[in-house]
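Before any comments, here is the structure.
Read-outs throughout are calculated quantities, based only on the coordinates presented, and are distinct from any laboratory measurement. This structure is a prediction, so every number in the text was calculated from the model and none was measured. Backbone-built Cβ (ideal geometry, glycine too); neighbour counts: all protein chains shown.
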Protein chains: 2
Amino acid sequence: MTYDLVIHNGTIVTVNSKFEIIQSGFICITAGEIKRIEAEDPSRPLPDAIQTIDATGGIILPGLVNTHSHLPMTLFRGLADDIPLMKWLNEHIFPAERKHVHPGNVKSGAHLGCAEMLLSGTTTCCDGYFYEEKVAEAASEIGIRAVAGQGVIDFPAPGVENPAENVDHALGYIERWLERHPNIMPSVFCHTPYTCSDDTLKKAKEMALSKEVLFQIHVAETRQEIEQMQSERRMTPVKHLEQLGILDDNTLVVHGVWIDEQDIAILADHGTALSHNPSSNAKLAAGIAPVPKLIEAGVTVGIGTDSCASNNTLDLIREMNLCAKLHKATTLDPTVLDAPRVLKMATIEGARAIGLEKRIGSLEVGKAADVIIIDVDKPHLTPLYNPISHLVYAASGSDVRDVIVSGKVVVRNRILQTMCLDDIMYRVNEIAKAIR
Amino acid sequence: MTYDLVIHNGTIVTVNSKFEIIQSGFICITAGEIKRIEAEDPSRPLPDAIQTIDATGGIILPGLVNTHSHLPMTLFRGLADDIPLMKWLNEHIFPAERKHVHPGNVKSGAHLGCAEMLLSGTTTCCDGYFYEEKVAEAASEIGIRAVAGQGVIDFPAPGVENPAENVDHALGYIERWLERHPNIMPSVFCHTPYTCSDDTLKKAKEMALSKEVLFQIHVAETRQEIEQMQSERRMTPVKHLEQLGILDDNTLVVHGVWIDEQDIAILADHGTALSHNPSSNAKLAAGIAPVPKLIEAGVTVGIGTDSCASNNTLDLIREMNLCAKLHKATTLDPTVLDAPRVLKMATIEGARAIGLEKRIGSLEVGKAADVIIIDVDKPHLTPLYNPISHLVYAASGSDVRDVIVSGKVVVRNRILQTMCLDDIMYRVNEIAKAIR
């Protein structure tokens, strides 16, 4: 038989349940799915294929899963840094959003964010913003897989001037996108427990349950949030969400920097996953989420970049690097979050966190063919003793050579195949002139 | 007049004392020195030059200064990770060094390390290892500026079987290299206060003073080191070095993770600089040096990558990124180590830390022409509101396009000009086969 695509001549890091690594293997893909993964046998020819990609000794691994982004905020990359969070939000980010967030800009920013992610090895992202329909359109056009969450907040917001309509607005979007594109999963993103009323949170969760979509929410990002919640409700945000019935295995909590042992137990009990955003939490001086404890308690933890306004890149390989180092530095334990664990967080655990672990997150027969190839023929990746070490401690997004999503080659030799990158960057630069 | 080289059409980040940024400027270079830096005047032609480099809208800044490396250890990149420090040293690094550290391998590893540094924007490094003469040769051949410190330790070491000869051995090397190459500054590197006797430390410092070379030493890297020193001598390592007369403004202490307020005051009093190695200290779970306090006390702090065995790259731009984030995450202050401060640490403050601030570290008339150009025409550097933000929070070494050391173009369009990179990588890969 003839496959659509065969990728060969690389070290395959499967990230399957046995964490198998195949030295010099090949992968056969047809109709967007992985059909075979095997070690190459020099005495036998490669299977026939319409297209063959020679990984030339590189590392072949599942596409990375970015569990938290606000893609249109690429428009605000580096607009304001090194400023206290509330000042940053109130004097820089919120005013820029009020003035510049409209459907056209959202789509242009999302195109750039998607391009940056694909070019740095992320094949799936879990996003949330206003006008999320435009993000869904951008993602589907450029060929990235996305869980795209419409933002819900109890204030007048871009695209939803009347907060009373926020959940219904999200519902309309979700219904339009539920079966529209196989790689776009609509979702609802409630901003925080302190910017959404109890009624809004419950209504949004009920809606998410009825549509079987992911419910996302920022939780316990800063110490101030905990203090406010303790003073107003005498409980932690996680406990508050539990009491409202929000927490289950189709809810993703984002950040979780300030959570205690009891919060961790609650998340574990409900099967609720967490998106860890080490760069954003560090840069905004929010703190460091207790990831080793979360994992020990059995909570699924994925990695997220957060937005370009607080990171300032969407490079999940660099995020792995920071994640691996940050927790060692603060726990003083060099064995904490070792390289294989961090790679799992950025692939299969990230997929599990957003409910897609049966479809993506590892290279296995029957799964979607979301595959990336790392070029290791570089001075900073020489010599190569251990591919996992290089992925977590030495590589960066610019080492990603080829990217395949659902069997489609979307990046080849570092060139985006699906849209003109120069056009995308030109449009964002024009928007930035107005923002500046 | 005709200059040797004119670089134009970029945003010049001078890192001079006023931290001036010139939008669309040009730099004229002759005989390895900067002769003019000015804003471009569209009504006048550029000065005549033998060679002109168009930065095409990129960022032009001083070459970065890596204040701590062990270049030949690129041979051990990723050989062993996620292991407690003593086990890592005793079971992996020391055995590999005993077996594989000889002059040929040292030179090959140093070539690779130098190439990696140049290609990621570092034009000066401060190194220490055994057979440092081979590092000095490699650095001079490839065209990087280096302070190259011969290692001194009171154990049999590669190249110095008899520890009683270690300081004299270093002296011989220093005398051979003192006037040999304008860009290679020999130095002595005493390993630590617990692996060098008081006599060795004093003798080495006296020798360094007599030859006017930099004295380097690892100090207070781990908590265990402090406990050992407290138990044996009832004082901190910094206090111990002060009492031996080691600390002055031509001594560089490396790491300083476990130093207290009194230690900081001692360093400030003696004008002794510190090399901060955030990645290495984090990955080995040594901890986090109190950099904001050091800077507040007036101590000069540069940034170092440490070796590829503990980092695992030599990319100082990524090191800036980690440095900027790590201290915010742990102090919970988003204004700590802001982007301009971190850029200074990687340039002028690094130069000051190793005694070269009059020659390098900023773009100023009369200084050596060590210049790098960052290509910002990339999705992850779009849009550009603030070049300093991009350098610290969004760029990585692979965004460095051109590198000039002493007026000589050593990297052009990401291609190393002075040696064949493929040959360098081939040799290291051959050595790695034996190590593996």
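How much length is gained if the chain between B:H102 and B:E33 is pulled fully straight, taking 0.36 nm per residue apart and subtracting their Cα-Cα distance, in nm to one decimal?
That pair, B:H102 and B:E33, stretches by 21.2 nm at full extension.
Sort segment A:1-54 into rounded, prolate or oblate with this rule: let a ≥ b ≥ c be the square roots of the eigenvalues of the Cα gyration tensor; rounded if a/c is under 1.5, and if a/c is not under 1.5, prolate when a/b is larger than b/c, oblate otherwise.
Because a/c hits 1.5 or more and a/b fails to exceed b/c, segment A:1-54 counts as oblate.
If you count, for every residue in A:316-322, the Cβ atoms of partner chains within 10 Å of its Cβ, what is the mean? Could the numbers behind the result be given before it?
On the way: counts 0, 1, 6, 0, 0, 8, 8.
Whole-number average of other-chain Cβ neighbours for A:316-322 is 3.
Counting DSSP beta bridges in the protein assembly as shown, what percent are antiparallel, to the nearest 5?
So the antiparallel bridges amount to about 40 percent of the total.
If you take all C-alpha pairs in the protein assembly as shown, what percent of them are over 50 Å apart?
I get 17 percent for the Cα pairs in the protein assembly as shown exceeding 50 Å.
So how do A:S210, B:S43, A:S279, A:S24 line up by other beta-carbon neighbours within 10 Å, fewest first?
Lowest count first: B:S43, A:S210, A:S24, A:S279.
Helix A:261-270 versus the longest principal axis of chain A: what angle, 0 to 90°, nearest 10, using Cα atoms?
70 degrees
Based on Cα coordinates alone, diagonalise the gyration tensor for segment A:4-108, multiply each eigenvalue by 5, take square roots, and list the semi-axes in whole Å, largest first. Mind dumping the intermediate values first?
Numbers: eigenvalues 417, 55, 25 Å².
So the equivalent ellipsoid measures 46, 17, 11 Å along its semi-axes.
Label points 7 Å out from Cα along the Cβ direction at A:T52 and A:D248: separation in nm?
5.0 nm
Quote the charge dipole size of chain B about the Cα centre in Debye, to the nearest 20; the model charges only the Cβ of Lys and Arg (+1) and of Asp and Glu (-1).
Here chain B has a charge dipole of around 520 debye.
Within 10 Å of each Cβ in B:111-121, how many Cβ atoms from other chains are there, averaged over the peptide? Walk me through the numbers on the way to the answer.
Values: counts 1, 4, 2, 1, 3, 5, 2, 1, 3, 2, 0.
That average works out to 2.
At a 10 angstrom cut-off on C-beta neighbours, averaged per residue, how do the peptides B:407-418, B:308-319, A:396-407, B:109-120 rank from highest to lowest?
B:109-120, B:308-319, A:396-407, B:407-418
Would you order B:S108, B:S362 from fewest to most other beta-carbon atoms within 10 Å of each residue's own beta-carbon?
Going from least to most buried by this count: B:S362, B:S108.
Please give the length that would be gained between B:I435 and B:Q417 if that part of the chain were fully extended, namely 0.36 nm times their separation in residues minus their C-alpha to C-alpha distance (nm, one decimal).
The B:I435-B:Q417 span can extend by a further 3.6 nm.
What percentage of all Cα-Cα pairs in segment A:232-358 are separated by more than 22 Å?
Here the tail beyond 22 Å accounts for 32 percent of pairs.
May I ask for the equivalent-ellipsoid semi-axes of segment A:177-272, computed as the square root of five times each C-alpha gyration tensor eigenvalue and listed largest first in whole Å?
After scaling each eigenvalue by five and taking roots: 25, 13, 12 Å.
Suppose you put the label 7 Å out from Cα in the Cβ direction; list, shortest first and in nm with one decimal, how far B:F155 is from each other copy's label.
5.9
Using a Gaussian network model of chain B whose springs link C-alpha atoms within less than 10 Å, name the residue from B:G172, B:G78, B:G304 with the highest mean-square fluctuation.
Comparing B:G172, B:G78, B:G304 in the GNM, the peak value goes to B:G172.
What value, in deg cm²/dmol to 500, does the helix sum -39500 (n - 2.57) over DSSP H runs of n ≥ 4 give at 222 nm once divided by the residues of chain A?
Computed mean residue ellipticity for chain A: -10500 deg cm²/dmol.
For chain A, what proportion of DSSP beta bridges, expressed in % and rounded to the nearest 5, is antiparallel?
Bridges in chain A are about 40 percent antiparallel.
Just the ratio, please: alpha-carbon radius of gyration of segment A:299-434 over 2.2 N^0.38 Å, N its number of residues.
Segment A:299-434 yields a ratio of 1.17.
Put a point 7 Å out from Cα along the line to Cβ at A:S24; what are the distances to that point in the other copies, in nm, shortest first?
With the label placed 7 Å along Cα→Cβ, A:S24 yields 5.6 nm.
Taking square-rooted eigenvalues a ≥ b ≥ c of the alpha carbon gyration tensor, is segment B:64-353 rounded, prolate or oblate, where a/c under 1.5 means rounded and, failing that, a/b exceeding b/c means prolate?
Since a/c stays below 1.5, the shape of segment B:64-353 is classed as rounded.
Which trypsin sites (Lys or Arg not before Pro) in segment A:116-223 sit in a loop by DSSP (not H, G, I, E or B) and have at most 11 other Cβ atoms within 10 Å of their own Cβ? Working shown, then result.
Working: sites: A:K134, A:R145, A:R176, A:R180, A:K202, A:K203, A:K205, A:K211, A:R223; in loops: A:R180.
Answer in residue order: no site qualifies.
Between B:E261 and B:T195, take the C-beta separation as r, use R0 = 35 Å, and let me know the FRET efficiency to the nearest 0.05. Could you put the intermediate results ahead of the total?
Details: r = 26 Å, r/R0 = 0.75.
Efficiency, rounded to the nearest 0.05: 0.85.
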